[in-house]
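Colleague: First the structure, which I've put down as structure tokens, then a few questions once you've had a look.
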Amino acid sequence: MRDDTTAIQVEGLVKRYGDTTALAGVDLTVRPGTVLGLLGPNGAGKTTAVRILATLIQPDAGRATVGGFDVVRQAHEVRELIGLTGQYASVDEQLTGFENLLMIGRLLGLSRRSARARATQLLGRFDLTDAADRAAGKYSGGMRRRLDLAASLVGDPRLLFLDEPTTGLDPRSRNDVWDIVRGLVADGVTVLLTTQYLDEADQLADEIVVIDQGRVIATGTPEQLKARTGAQTVTVRPGSLNDLEKVAAEVRRVASGPVDVSGEIVAAPVADPGALAVLVRRLDDAGLVVAELSLRNPSLDEVFLSLTGASA
């Protein structure tokens, strides 16, 4: 029986390649109409999990359902529900943008008329109408990525797997992709996103699952994961570089961990909510002028580092 309360359900998923265990019993749940960010260091098993859920490979143990269908026993039904965009654009560079989408529509069984209408609709949605008759090989990186995303939506999937969709894109193109993803979710599409960019997960994900060495090590919303570090960060930029060490000394008096001095900035974790006020008084008493002083919550990058011991 199908379960419509969860879009994706994974229980004890295991996948081995010889002596290497890519997944060692992964559990995760994705609610319909949300974005789940799947994070982890390189080689953690993110892409392996996506490939299993997309029915491209089979697990060695465990169970996974997508849209209520078992990814092994009901792979055909799963494929009818999903779209997949990998780390690199998979469009045919010799065909035009329109021809790429038309071809996919025909392969999916759409009539020529329906395929043409769907291609035209998606080119407009992804701001590619002006480039519709241009060979995809002449597209910019951002345009190719938008075309690749459009291709994954030709079949109108209700679940979309995005495996590092903005790798190699410039900031503007990344923002364009983010806007597209937000629009898809607003239309009710469920998204599973793997990414190497922590700010991307922070921007898009409703919930995050962190995996390391094939195992889930943390789950929660971005804010819940940030709260796990138990400390905020105070950042000070002295008015004069000559005062850098003096400012660092005052920061050490209120810090709850190591003080980092990088370039013109002094930063340190603080556990006491009143630390900023104390630091302001100490700096004033010492006659130290600062150009910048702030207290912020931990970034997702800092959470990732604390959980995995590796930089994102």
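The values are calculated or read from the model by the stated rules, or taken from the named source; none is laboratory data. The structure displayed is predicted, hence computed values, not measured ones. Don't worry about glycine lacking a Cβ; one is built from the backbone with ideal geometry, like all the others, and counts go over all protein chains shown. Note: areas computed on protein heavy atoms with side chains; ligands, DNA, RNA excluded. Shrake-Rupley method; radii C 1.70, N 1.55, O 1.52, S 1.80 Å.
Colleague: Filter segment 17-41 down to residues that are closer than 20 Å to P222 by Cα and free of Cβ contacts under 8 Å to residues at least 60 places away in the same chain, then give me how many there are. Spell out how you get there, then give the answer.
Modeller: Of all residues in segment 17-41, those closer than 20 Å to P222 by Cα come to 26-41.
Applying the additional criterion that residues be free of Cβ contacts under 8 Å to residues at least 60 places away in the same chain yields 29.
Residues that pass the stated criteria total 1.
Colleague: So in segment 219-237, with the set limited to residues that are open to solvent by less than 40 Å² (accessible area, probe 1.4 Å) and over 18 Å from I8 (Cα atoms), which one is modelled with the highest pLDDT? Give the derivation first.
Modeller: Residues of segment 219-237 open to solvent by less than 40 Å² (accessible area, probe 1.4 Å): 220, 222, 225-226, 231, 233-236.
Those left that are additionally over 18 Å from I8 (Cα atoms): 222, 225-226, 231, 233-236.
Values: P222: 86, L225: 83, K226: 77, A231: 71, T233: 86, V234: 90, T235: 92, V236: 95.
Ranking the qualifying residues of segment 219-237, first place goes to V236.
Colleague: Report the residue count in segment 263-300 for those that are in contact (Cβ under 8 Å) with a residue 60 or more places away in the chain and either touching a Cys at 6+ places or on another chain (Cβ under 6 Å) or open to solvent by 70 Å² or more (accessible area, probe 1.4 Å) (or both). Even if it seems obvious, please write down each step before you answer.
Modeller: Step one: filter segment 263-300 for residues in contact (Cβ under 8 Å) with a residue 60 or more places away in the chain, giving 294-300.
Restricting the remaining residues to those that are either touching a Cys at 6+ places or on another chain (Cβ under 6 Å) or open to solvent by 70 Å² or more (accessible area, probe 1.4 Å) (or both) gives 296-297.
Total satisfying the criteria: 2.
Colleague: Go through (1) within 20 Å of V181 (Cα to Cα); (2) crowded, with 21+ Cβ neighbours inside 10 Å; (3) over 20 Å from the mean Cα position of the chain (by Cα) and name the single condition T129 misses.
Modeller: Single failed check for T129: (2).
Colleague: Could you check segment 72-181 for helices (runs of 4 or more DSSP H) lying wholly inside it with 1 or more residues that are modelled with pLDDT of 95 or more and more than 23 Å from L56 (Cβ to Cβ)? Break it down into steps so the answer makes sense when it comes.
Modeller: Working: elements: 75-81, 97-107, 112-125, 141-152.
In segment 72-181, the matching helices (runs of 4 or more DSSP H) lie at 97-107, 112-125.
Colleague: Name the pairs whose Cβ atoms lie under 7 Å apart, with the first residue in segment 67-86 and within 14 Å of L192 (Cα to Cα), the second of a type in the set (V, I, T), and 6 or more positions between them or separate chains?
Modeller: Going by the 7 Å Cβ cut-off, the qualifying pairs are G67/V78; L81/V66; I82/V66.
Colleague: Would you please name the residue that is nearest to A227 (Cα to Cα), looking only at residues in segment 242-295 that are acidic (D, E) and in a strand (DSSP E or B)? Before you say what the answer is, go through the steps one by one.
Modeller: Restricting attention to segment 242-295, the residues satisfying the condition of being acidic (D, E) are 243, 245, 250, 260, 264, 272, 284-285, 292.
If we keep only those that are in a strand (DSSP E or B) as well, we get 260, 292.
Values: D260: 21, E292: 24 Å.
Looking at residues that are acidic (D, E) and in a strand (DSSP E or B), I get D260.
Colleague: Quick one: which of V71, V154, V91 is open to solvent by less than 80 Å² (accessible area, probe 1.4 Å), touching a Leu at 6+ places or on another chain (Cβ under 8 Å) and under 17 Å from A49 (Cα atoms)? Show your work before the answer.
Modeller: Values: V154 fails: under 17 Å from A49 (Cα atoms); V91 fails: under 17 Å from A49 (Cα atoms).
So the residue among V71, V154, V91 that is open to solvent by less than 80 Å² (accessible area, probe 1.4 Å), touching a Leu at 6+ places or on another chain (Cβ under 8 Å) and under 17 Å from A49 (Cα atoms) is V71.
Colleague: Limited to segment 10-28, what total is found for residues that are within 16 Å of T65 (Cβ to Cβ) and out of contact with any Leu (no Cβ under 8 Å at 6 or more places or on another chain)?
Modeller: 2
Colleague: Can you name the condition, by its number, that A186 falls short on among (1) of a type in the set (A, V, I, L, M, F, W, C); (2) crowded, with 21+ Cβ neighbours inside 10 Å; (3) closer than 30 Å to T5 by Cα?
Modeller: A186 satisfies all of (1) of a type in the set (A, V, I, L, M, F, W, C); (2) crowded, with 21+ Cβ neighbours inside 10 Å; (3) closer than 30 Å to T5 by Cα except (2).
Colleague: Please return the ranges of strands (runs of 3 or more DSSP E) entirely within segment 1-64 where 2 or more residues are in contact with an Asp or Glu (Cβ under 7 Å, 6 or more places away or on another chain) and open to solvent by less than 80 Å² (accessible area, probe 1.4 Å). First the steps, then the outcome.
Modeller: Details: elements: 8-17, 20-30, 35-39.
Passing ranges, in order: 8-17, 35-39.
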